[in-house]
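Data block below; observations after.
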Amino acid sequence: GSYDVLLFDWINFDSTDGGTDTLSFQVTTASYAYNAPITSTSFRAYHNESDSIADVGYYTGGDQAEGTAYNWLGAYTGANNDSSSSGNFTIYGHSSDTYVKHFMSTSSAETNEAIFSHHIAGYVNTDEPITAIQFKALGGGTFTGTIKLYGLATS
């Protein structure tokens, strides 16, 4: 069967290089090989353990405007041994040959003694069906964690 919505959960993403990193994605269609144009926006909230820093707001570091890079999916992991991020990524109408492909992502991470919550939304600007989705550590390293996929149908 075919699904109208794909929901990916990632659990305990952690970059293996010991640095700060985040999970990202890009897609393949008939015209693009992991370089499809993406427009996205993000905001985040954070609060540290010592209660000395807290904020919520628009985060330009998560944006693309028709960019072809891998789009980040959320909260950064920190350099601490116990840092990781978890969240979900939903992409709508991935097999449509009429509409652009909308997506949303929410995540939570402990990063250097602070909790971060990130919210990302955007679209892949193509009306071609997506044939593959690839996940990467945005910094280019490898990562540990679990990614689960769920398909949701509207009928």
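Before moving on, here are some points about what is shown:
- Percent RCO, i.e. relative contact order, over the range 37-108, from Cα pairs under 8 Å lying at least 6 residues apart: 25 percent
- In order along the range 30-44, the Karplus-derived 3J(HN,Hα) couplings, from 6.51 cos²θ - 1.76 cosθ + 1.60 at θ = phi - 60°, round to 4, 9, 10, 10, 6, 8, 5, x, 10, 10, 8, 9, 8, 9, 8 Hz, and Gly and Pro are given as x.
- Residues whose amide H falls under 5 Å from that of Ser96, counting only those 5 or more places apart or on a different chain, are Ile130, with hydrogens built in the peptide plane.
- Once backbone amide H atoms are built at 1.01 Å from N, Lys101 has Val124, Thr126 as its partners under 5 Å, excluding neighbours fewer than 5 places away on the same chain.
- The residues neighbouring Asn88, those whose beta-carbon lies less than 15 Å from its own, together hold a net charge of 0 under the Lys/Arg +1, Asp/Glu -1 convention.
- Within the accessible area of the chain (1.4 Å probe), percent carbon and sulfur: 53 percent
- P(r) histogram, all alpha-carbon pairs of the range 6-150 included - 10 Å bins from 0, percent: 12, 42, 33, 10, 2, 0
- The range 1-76: C-alpha gyration tensor shape, a/c 1.5 cut-off, then a/b vs b/c: prolate
- Couplings 3J(HN,Hα) of the range 95-100, computed from phi: 9, 5, 10, 10, 10, 5 Hz, in residue order, whole Hz [Karplus 6.51 cos²θ - 1.76 cosθ + 1.60, θ = phi - 60°; x for Gly and Pro].
- Radius, Kirkwood style, for the range 64-155 when every pair of distinct Cα atoms is counted (Å): 14.8 Å
- Each residue of the range 136-142 was assigned a 3J(HN,Hα) from its phi angle through the Karplus expression (A = 6.51, B = -1.76, C = 1.60, θ = phi - 60°), giving 9, 6, 4, x, x, x, 9 Hz with x at Gly and Pro.
- Calculated accessible area for the range 35-124 comes out at 47 Å² per residue, all protein chains present (probe 1.4 Å; ligands, DNA, RNA ignored).
- A straight line joining the Cα centroids of the range 57-73 and the range 121-151 runs 14 Å.
The values are calculated or read from the model by the stated rules, or taken from the named source; none is laboratory data. These figures come from a predicted structure and were not determined experimentally. Please note: Cβ atoms are built from the backbone with ideal geometry, for glycine as well, and neighbour counts cover all protein chains shown. All accessible areas refer to the heavy atoms of the entire protein, side chains included, with ligands and DNA or RNA removed. Shrake-Rupley method; radii C 1.70, N 1.55, O 1.52, S 1.80 Å.
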